[in-house]
1. Out of curiosity, is L374 in the same structural domain as P413 (by TED's automatic domain parsing), of a type in the set (A, V, I, L, M, F, W, C), under 21 Å from G409 (Cα atoms) and surrounded by 21 or more Cβ atoms within 10 Å (Cβ to Cβ)?
2. Please verify whether A328 is farther than 28 Å from Q234 by Cα, surrounded by fewer than 15 Cβ atoms within 10 Å (Cβ to Cβ) and among the small types (G, A, S), treating the condition exactly as stated.
3. Just name the residue that is nearest to R75 (Cα to Cα) out of those in segment 103-144 that are basic (K, R) and surrounded by fewer than 17 Cβ atoms within 10 Å (Cβ to Cβ).
4. Identify, please: which residue in segment 271-289 is in contact with a strand residue (DSSP E or B) (Cβ under 7 Å, 6 or more places away or on another chain) and crowded, with 20+ Cβ neighbours inside 10 Å and is, among those, farthest from F361 (Cα to Cα)?
5. Just to be sure before I move on: is D268 outside any strand (DSSP E or B) and buried (at least 16 other Cβ atoms within 10 Å of the Cβ) in the structure I sent?
6. For segment 55-148, which helices (runs of 4 or more DSSP H) that fit wholly inside it have 1 or more residues that are under 30 Å from D267 (Cα atoms), among the aromatic types (F, W, Y) and more than 17 Å from the chain's Cα centre (by Cα)?
7. Counting only residues that are among the hydroxyl-bearing types (S, T, Y) and under 19 Å from the mean Cα position of the chain (by Cα), which one in segment 273-331 is farthest from A240 (Cα to Cα)?
8. Show the residue pairs meeting these rules: Cβ distance below 6 Å; 6+ apart or different chains; first residue within segment 158-178 and within 26 Å of G137 (Cα to Cα); second residue of a type in the set (D, E) and at pLDDT 95 or above.
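The values are calculated or read from the model by the stated rules, or taken from the named source; none is laboratory data. These figures come from a predicted structure and were not determined experimentally. We place every Cβ from the backbone using ideal geometry, glycine too, and count neighbours over all the protein chains shown.
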Amino acid sequence: MSVESTLFAASAPDTILPKVSFFRVAGSHPTAGKPIPGGQIPQWILTRGPGIAREAEFFGELCWRLVGDGVPLWRATLHFGTLHPQIAGFAVRWWRDRSATEEIHIAHGADETDEYRRSPIRNTIERGAPFDQLLDGAASDYPLLDQIHAAGGTEYLALPLNRILRRYPVVTWTTDRAGGFADAHRAALGDLNPALAAIVETRAIRRLSANLMDTYLGPQAGRRVLAGHIRRGQGETLNAVIMAVDLRGFTVLSDRLAGDEMIELLDDYFDAVTSPIHERQGEVLKFIGDGVLAIFPTGEEGDFTSTTVRALKAAIAGLAKLDRINEARREADHPEIRIGVGLHLGEVTYGNVGAANRLDFTAIGPAVNLAARLEGLTKRVMRPLVTSSSFAAACPYPLISLGFHPVRGFSEPEEVFGLPE
């Protein structure tokens, strides 16, 4: 999924698309200033391409190699879709004159825009149809091509790659050579298309897998699974801050609210709680009904102080976001969202738990149970956040004792702490 006609204005791409990150060919880059001789470019794609981590770097070097091999490229783009809750697809755009390669993220809904409907690569994306047009100054059916011609382009060629999911990745090649590409140039671009299609398919599937792992397991757990940590009982013991969060009055709210209203409330709640966790290097392990379980590993150095600070700041930020959400909900006469947060610093087992053919990558152990019990204590002490004594001892922020309280499942009462009034 991509929208080539929204990608032309390089001067301010971030005003067009939600996120644009740039990979620029700098002076230290091997292709800067002088093109790399091409040689056997399809072989280079298949043998060296898999080892280049970033799509922008791979595509930029490919374009410079083509220039070095005599293909008069001026501009080129690569587009492919993915599965991600916020991003529909990715594009990479290379410019010869600017010695720059840009990586662009495409938001969901881009295929409903007028730019997409009038894009020269729409049929290539949807049906796998090649597209080739000389740009001679005559008005075209595609506004993008008029822009490219006005900037100096003379021919625009789009080729489909191997279909992934329901759409075709697309590569486009543009030249500023008088009269457009020569037959030999078109032949060279066509000859490398099978190799490019193979490597783009591999890279797209790799990115798709990583996106799904990040979305459903979290970045840290996802990376571990992709690295081969997939056997039942395989895990490690580590120190971490465990955060347990629960929504107050969920059963009553479920009875009172219509289905779409309940989904809206849950989306507001989960976003308010989890986004501060991710921003502070925490890992959301799972949603348990209306509850959230997250951890903040202390790392190999065992830096308890900074870890407790990150976790506490995430909890406070989540509560602050809910305060702002509740202001809007009150104005709309909607029920407010109330939560309880429990924080504990302890040792957990982090790894695969489950049946032989159905596993869950999570954290288990008495420390996780205590964090959940602390969250339950927030009702008794009438505070939205409580911590354990071990968390309070490691945290440099001022926390006040709320006394000793019996904890279900534990033999000794636990001294709990909270934020100052």
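1. yes
2. Values: farther than 28 Å from Q234 by Cα: yes; surrounded by fewer than 15 Cβ atoms within 10 Å (Cβ to Cβ): yes; among the small types (G, A, S): yes.
Answer is yes for this residue.
3. Filtering segment 103-144 for residues basic (K, R) gives 117-118, 122, 127.
If we keep only those that are surrounded by fewer than 17 Cβ atoms within 10 Å (Cβ to Cβ) too, we end up with 117-118, 127.
On the way: R117: 22, R118: 20, R127: 23 Å.
Filtering segment 103-144 for residues that are basic (K, R) and surrounded by fewer than 17 Cβ atoms within 10 Å (Cβ to Cβ), the one nearest to R75 (Cα to Cα) comes out as R118.
4. V273
5. Details: outside any strand (DSSP E or B): yes; buried (at least 16 other Cβ atoms within 10 Å of the Cβ): yes.
So D268 fits the description; yes.
6. Working: elements: 55-68, 114-117, 122-127.
It comes to 114-117.
7. Here is the first cut: in segment 273-331, the residues among the hydroxyl-bearing types (S, T, Y) are 274-275, 298, 305-308.
Now drop any that are not under 19 Å from the mean Cα position of the chain (by Cα), which leaves 274-275.
On the way: T274: 17, S275: 19 Å.
The residue in question is S275.
8. Final answer for the pair search is T175/E155.
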